[in-house]
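Notes for the one structure printed next.
Bear in mind that the values in this text are calculations on the coordinates, not laboratory data. Everything numeric in this text was worked out from a predicted model, so none of it was measured. For neighbour counting, all protein chains shown are included, and Cβ atoms are generated from backbone atoms with ideal geometry for every residue, glycine included.
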Amino acid sequence: METKIFPQDNSSVFIENIPCPFDNMARKFNKKNFIPNTPCYSSLAYHYFKNHLRTVHSITKLNADLIYNAMKNYGTISHVQFEEDLCEIK
């Protein structure tokens, strides 16, 4: 039995982690926009990042998508304009 872990075209497979944006930056939010479980210093694989935002920090799906795209493209969420309440009410 043979298991191939690299693509046959010899292109590289690169898995990069993305830091949770709610580290010390979370202190900027007041009690009205409280983000649960902050500050957070996790570093996550891209495929788990949105799930982390939703389950750990209760971020809405729409805002998790906005944050994911901003972190992937720019490495920061400083320019993100949130469309609704940041967190889901539980």
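Once you place label points 7 Å from the Cα toward the Cβ at Glu16 and Asp65, how far apart are they in nm?
Roughly 2.3 nm, to one decimal.
Magnitude of the Cβ-charge dipole of region 17-74, K/R +1 and D/E -1, about the Cα centre, nearest 20 debye?
Result for region 17-74 is approximately 200 debye, rounded to the nearest 20.
Apply the Karplus parameterisation 6.51 cos²θ - 1.76 cosθ + 1.60, with θ equal to phi minus 60°, to every residue of region 45-50 and state each ³J(HN,Hα) to the nearest whole Hz, in sequence, with x for glycine and proline.
Listing the rounded values in order: 5, 3, 5, 9, 4, 5 Hz.
Can you list residues from other chains, or at least 5 along the same chain, whose modelled amide H is less than 5 Å from the amide H of Ile18?
It is Leu44, Ala45, Tyr46, by chain and number.
Search the structure for amide H atoms under 5 Å from the amide H of Ile59, placed 1.01 Å from N in the peptide plane, and list their residues when 5 or more places away or on another chain.
Arg54, Glu88
Would you kindly derive the ³J(HN,Hα) couplings of region 61-78 from the backbone phi angles with the Karplus curve 6.51 cos²θ - 1.76 cosθ + 1.60 (θ = phi - 60°), listing them in order in whole Hz, with x for Gly and Pro?
Those phi angles translate into 4, 4, 6, 4, 5, 4, 5, 4, 5, 5, 5, 5, 8, 10, x, 8, 10, 4 Hz.
Compute for region 17-74: radius of gyration divided by Kirkwood radius, i.e. Rg/Rh, restricted to C-alpha atoms, rounded to two decimals.
Taking Rh as the inverse mean 1/r over Cα pairs, Rg/Rh reads 0.93.
Give me Lys50, Lys61 ranked fewest to most by other Cβ atoms within 10 Å of their Cβ, as a rough exposure proxy. Write out the running numbers ahead of the final one.
Working: Lys50 18, Lys61 11.
The most exposed by this proxy come first: Lys61, Lys50.
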